[in-house]
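Scroll down for the structure; my scribbles are underneath it.
Nothing in this text is a laboratory measurement; each read-out follows from the coordinates by a stated rule. Keep in mind the model is a prediction, meaning the values are calculated, not measured. Cβ coordinates were reconstructed from backbone atoms using ideal geometry, including for glycine residues, and neighbour counts include every protein chain displayed.
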Amino acid sequence: MWSSRWPSPRLSRRAGVLLLAFATLLPAQSFAQTHYKANGRESLAWWQLNPHLNHLWATTCMEDPAWRPGEGVSVGQAAAYVRSLQKRFGYAAIMDTIIPLYPRRRVRAVCTDAVQADLTVGDTVHWTNVKGKIAIAADQVQTGLKMRDVFLQGLLETSRYRDITFQIDSVVNVQPGDTVKAVAVGVLNIHGVNQNMRIPIKAFHEADGLRVMGQAMVPAEAMTDVYGLSKMKLGLGVGLNLWKELHMGVDVVLVKTGAGGPLP
């Protein structure tokens, strides 16, 4: 007879099995992560100045049929155009209302492989424990006019600072739904300069992956005062306060690649 102070061998074995099952399940729930990478042929980045003066915007996917390059005007012509609008209609007349001016309507696998993304997500329902990095090849952001592209590459010093990056530390203010809305918190690096940034994003399922779009804005003077771009080269637009805002965005298609550990 077993003492009433001790459980029977059958109960002990059953308790041991339950404890073992619980112990093996708990780490999987706590640490399992889903790994995503960008489909470069379906992903793009863009920027647009406000006011755009009929030519100040760019993309990494000129192949997309929705996009159009700017007009072939010089900065001097644009400045004269701005002054004439301000004189006739006031400042409000030159501010953009559509940003980006030529948004992508449908994903097509036609883009230059200029955008890379590598993310891990701890919970794809509530989007918790999100870590990762988005990198844009700076020399692949193009305006559609060779002269402007050469100027832009010299301004960004793309041979020295090859990538524009956003290191994602977390995703907050998540609003679940067919289209998830949230804010990505992290560090934006342009021209070798790091700045903390909160970028509104939205995500939804499309085609073979998860389409994520994000858009950020900084004052135009931040190009020189924060990110250290040449004041001489940007003297007319920034120095004379012709440009008010710089808008930047990504439209990335993320493809699930399986479980993975935290990214460096």
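Over region 32-259, what relative contact order in percent results from Cα pairs under 8 Å that are six or more residues apart? Walk me through the numbers before you get to the answer.
Working: 486 pairs, mean separation 59.9, N = 228.
In percent, rounded to a whole number, it is 26.
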Residue-count net charge about ILE201 - beta-carbon cut-off 11 Å; Lys, Arg +1, Asp, Glu -1: +3
If we count every other residue with Cβ under 12 angstrom of THR34's Cβ, Lys/Arg +1 and Asp/Glu -1, where does the sum land? +2
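So for region 191-240, averaging the separation of alpha carbon pairs under 8 Å that are six or more residues apart and normalising by length, what relative contact order in percent results?
Reported relative contact order: 31 percent.
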Once fully extended, how much extra length lies between THR179 and VAL226, figured as 0.36 nm per residue of separation less the alpha-carbon to alpha-carbon distance? 13.6 nm
Calculate, in nm to one decimal, what SER159 and ARG106 gain on full extension: separation in residues at 0.36 nm each, minus their alpha carbon distance. 15.8 nm
Report the FRET efficiency, 1/(1 + (r/R0)^6), for LYS87 and ALA207, where r is their Cβ-Cβ distance and R0 is 51 Å, rounded to 0.05. 0.60
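Evaluate E = 1/(1 + (r/R0)^6) for ASN196 and VAL172, where r is the Cβ-Cβ distance and R0 equals 22 Å; express this FRET efficiency to the nearest 0.05.
Efficiency at R0 = 22 Å is approximately 0.95.
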Contour minus Cα-Cα distance for ASN241 and MET147 (0.36 nm per residue): 31.6 nm
Please turn the phi angles of region 98-113 into ³J(HN,Hα) values with the Karplus equation 6.51 cos²θ - 1.76 cosθ + 1.60 (θ = phi - 60°), one per residue in order, whole Hz, x for glycine and proline. 10, 9, x, 5, 10, x, 6, 8, 9, 6, 10, 7, 10, 7, 5, 6
